[in-house]
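K.L.:
Have a look at this one.
The values are calculated or read from the model by the stated rules, or taken from the named source; none is laboratory data. Predicted, not measured: the structure shown is a model, and the values here were computed from it. Positions of Cβ are backbone-derived with ideal geometry, glycine not excepted, and every protein chain shown enters the neighbour counts. Calculation scope for accessible area: heavy atoms of the full protein, side chains included, ligands and nucleic acids excluded. Shrake-Rupley method; radii C 1.70, N 1.55, O 1.52, S 1.80 Å.
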Amino acid sequence: MDSTNLYAYISIIALIVCIPPALIIEGPQLVQHGFKDAIAKVGLTKLVSNIFLAGLFYHLYNQVATNTLQRVAPLTHAVGNVLKRVFVIGFSIIIFGNKITTQTGIGTGIAISGVALYSVIKAKIEEEKKVC
């Protein structure tokens, strides 16, 4: 089974497992408040298209990540994941005009450094396990 099939099975199983509790726990309030408020704010067509596009792009992102992990070394994947985070933060600063205070800059630097260090160490441990 290749990574695409594995991801498909995992997605289907996750959907089957997650839908019942989500409907039981969130369903009544979501219908009563969430959907009505969202439809009143943006309209039904825009709401449905936004939900569809968000789901589609999230699925494609995970599919690409799964396929990439199968084709490259774990360390390469970890470095790419850290660079993705840096890109997302930079994109939000430039496009959305998010202000960077000293505290935000320090926090972002610590978070990115921590993720990078963790990813590199974890990837090296995984590579060593494969060699042994």
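K.L.:
Output the residues belonging to the range 77-123 that are more than 20 Å from N67 (Cα to Cα), open to solvent by 80 Å² or more (accessible area, probe 1.4 Å) and not aliphatic (A, V, I, L, M).
P.N.:
If the condition is that a residue be more than 20 Å from N67 (Cα to Cα), open to solvent by 80 Å² or more (accessible area, probe 1.4 Å) and not aliphatic (A, V, I, L, M), then F87, F91, F96, K99, T102, Q103, Y118 are the ones that fit.
K.L.:
What number of residues within the range 54-65 are open to solvent by 50 Å² or more (accessible area, probe 1.4 Å) and touching a residue at least 40 places away in the same chain (Cβ under 8 Å)?
P.N.:
The total comes to 1.
K.L.:
Filter the range 97-132 for residues that are among the basic types (K, R) and over 10 Å from L75 (Cα atoms) and give the result.
P.N.:
K99, K129, K130
K.L.:
Scanning for something in a helix (DSSP H, G or I), touching a residue at least 24 places away in the same chain (Cβ under 8 Å) and not assigned by the TED database to the domain that holds Y118, does the range 34-53 turn up at least one residue?
P.N.:
No; the residues of the range 34-53 include none that is in a helix (DSSP H, G or I), touching a residue at least 24 places away in the same chain (Cβ under 8 Å) and not assigned by the TED database to the domain that holds Y118.
K.L.:
Six or more apart or on different chains, Cβ atoms under 7 Å: show the pairs whose first residue is in the range 66-80 and among the β-branched types (V, I, T) and whose second is surrounded by 14 or more Cβ atoms within 10 Å (Cβ to Cβ).
P.N.:
Every condition considered, the pairs that remain are T66/S3; T66/Y7; T68/H77.
K.L.:
Report whether or not V48 is among the aliphatic types (A, V, I, L, M) and at pLDDT 90 or above.
P.N.:
Yes: the conditions hold for V48.
K.L.:
Right, something else. So S119 fits all but one of (1) among the hydroxyl-bearing types (S, T, Y); (2) within 22 Å of the chain's Cα centre (by Cα); (3) farther than 28 Å from S3 by Cα; what number is the exception?
P.N.:
(3)
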